[in-house]
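Take a look at the structure below.
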Amino acid sequence: MRRRLARLSLPFREPFVTSAGVVPSRELLLLRIEDDEGAEGFGEAAPFEPYDGISLDSVADALRNGSLPSDAPPQARAAEEMALLDLEARREGRAIGEPGADAIAVNRTLGGGPPEEVAQRAAEGLRTGGFSCFKVKVGLPDDDERVAAVREAIGSWPALRVDANGAWSAEEAVDAIERLARHDIQLVEQPCRSLEELAAVREAVKIPIAADEPVATAEDVRAAAEAGACDAVNVKLAASGGFEAARSVIAAAREHGLEPYLSSSLDGPWGIAAALQLAASERLSLACGLATLELFDAELARALPGPRAGLLPVPQGPGLGVAVDDDALAEVLVEELEE
């Protein structure tokens, strides 16, 4: 089979601000596999070094070889598996996931920024996308004002989450969560970095705690459960190593009484499509963080339908169900990488 690897860069509509810094664009790798009959499968690698410490170059090196090394980064394994699943399902005229829900409840993700601007984006999401769940990035100096402004903008009924991406110490987290609790917070995602810190925070506050970065595998979930670190688990295909690996993380979460939900790592359309199909197959109940394509200013980001009434439609295939024309790819292409 022929393999092609490309480096893409998707610009954000406006710089994406979190406690880890400001990101002007999102770089991804696209793996295309073609069989002898001309059928193609696409896989996406979405490392995000500010969060996972894994560079795009290291993932590209692993994918270039044609046969993944045993120590390949999970994002490389995810891309390889995704491309092969997409190819096989396209040949058979089906989706990669089993039939399930037709649409998935999703949250609108709100980066940092001046409180009035973030609140405006929240109000727009309520008005145009019908979102019933919002996630605000925190761990920044103006958290209190920004979360208050968002709650005022969306009113009392939508669910409101906050995500610190591990920015706080346990003591800082408890203090911040107690201050923010008056805004009726559904859950707090990754307030601290370690499982031990998460457990200490969870014991001290009443709001549910969700783990993200430390729970990439089923073993990680078991460790989190044993530590009493969380009530929910945020699962990401890229960090877990692919579709089936993420499914095993969801199973481990349920086995230990933890509520799983799926989110993107600011993925492109192929990663979002795979996650939507997995969420549908697994019939997840919590809103998923998969409505992130709307953050990008590129035609590629419109390869999948946007949210309506707070729901994203699940691609029905064939394969991932993503059709991208050459012009949309050319707009975000940085370089073709030699195999």
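The values are calculated or read from the model by the stated rules, or taken from the named source; none is laboratory data. Remember, it's a predicted structure, so these values are computed and weren't measured experimentally. For neighbour counting, all protein chains shown are included, and Cβ atoms are generated from backbone atoms with ideal geometry for every residue, glycine included. Note: areas computed on protein heavy atoms with side chains; ligands, DNA, RNA excluded. Shrake-Rupley method; radii C 1.70, N 1.55, O 1.52, S 1.80 Å.
So, in the range 165-196, how many residues would count as being surrounded by fewer than 19 Cβ atoms within 10 Å (Cβ to Cβ), charged (D, E, K, R) and within 23 Å of the chain's Cα centre (by Cα)? Counting residues in the range 165-196 that are surrounded by fewer than 19 Cβ atoms within 10 Å (Cβ to Cβ), charged (D, E, K, R) and within 23 Å of the chain's Cα centre (by Cα) gives 1. Six or more apart or on different chains, Cβ atoms under 8 Å: show the pairs whose first residue is in the range 311-338 and farther than 30 Å from residue 286 by Cα and whose second is acidic (Asp, Glu) and outside any strand (DSSP E or B). As it stands, the answer is 327/299; 328/299; 331/299, since those pairs meet every condition given.
Scanning the range 203-260 for residues that are within 14 Å of the chain's Cα centre (by Cα) and charged (D, E, K, R) returns 212, 213, 236. The residue pairs whose first member lies in the range 157-182 and is closer than 20 Å to residue 17 by Cβ, whose second member is assigned to a strand (DSSP E or B) and small (Gly, Ala, Ser), and whose beta carbons are closer than 9 Å, counting only pairs six or more residues apart or on different chains, are 161/210; 161/289; 163/210; 163/289.
Results for (1) open to solvent by 20 Å² or more (accessible area, probe 1.4 Å); (2) touching a strand residue (DSSP E or B) at 6+ places or on another chain (Cβ under 8 Å); (3) over 30 Å from residue 302 (Cβ atoms), shown as yes or no for each residue.
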site: 200; (1), (2), (3): yes, no, yes
site: 203; (1), (2), (3): yes, no, yes
site: 227; (1), (2), (3): yes, no, yes
site: 251; (1), (2), (3): yes, no, yes
site: 270; (1), (2), (3): no, yes, no
site: 273; (1), (2), (3): no, no, no
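Within the option set 83, 101, 105, being aliphatic (A, V, I, L, M), at pLDDT 95 or above and not in a strand (DSSP E or B) holds for one residue only, 83. Taken across the range 45-60, residues that are under 16 Å from the mean Cα position of the chain (by Cα), open to solvent by 50 Å² or more (accessible area, probe 1.4 Å), over 19 Å from residue 246 (Cα atoms) and among the charged types (D, E, K, R) do occur, with at least one present. Would a scan of the range 13-22 turn up a residue that is more than 18 Å from the chain's Cα centre (by Cα) and at pLDDT below 95? Yes: one or more hits. Taking every residue in the range 30-52 that is farther than 13 Å from residue 322 by Cα and pairing it with any residue that is buried (at least 18 other Cβ atoms within 10 Å of the Cβ) and β-branched (Val, Ile, Thr), at least 6 positions away or on another chain, the pairs with Cβ-Cβ distances below 7 Å are 45/59; 47/54; 47/59. Annotation note: of 179, 151, 193, 161, the sole residue that is of a type in the set (Lys, Arg) and part of a loop (DSSP other than H, G, I, E, B) is 193. Name the single residue that is modelled with the lowest pLDDT among those in the range 108-131 being within 19 Å of the chain's Cα centre (by Cα) and closer than 26 Å to residue 321 by Cα. Checked the range 108-131; the qualifying residue modelled with the lowest pLDDT is 129. Taking residue 283 as the residue in question, decide whether it is among the charged types (D, E, K, R), free of Cβ contacts under 8 Å to residues at least 40 places away in the same chain and out of contact with any Ser or Thr (no Cβ under 6 Å at 6 or more places or on another chain). Here the answer is no, as residue 283 does not meet what is asked.
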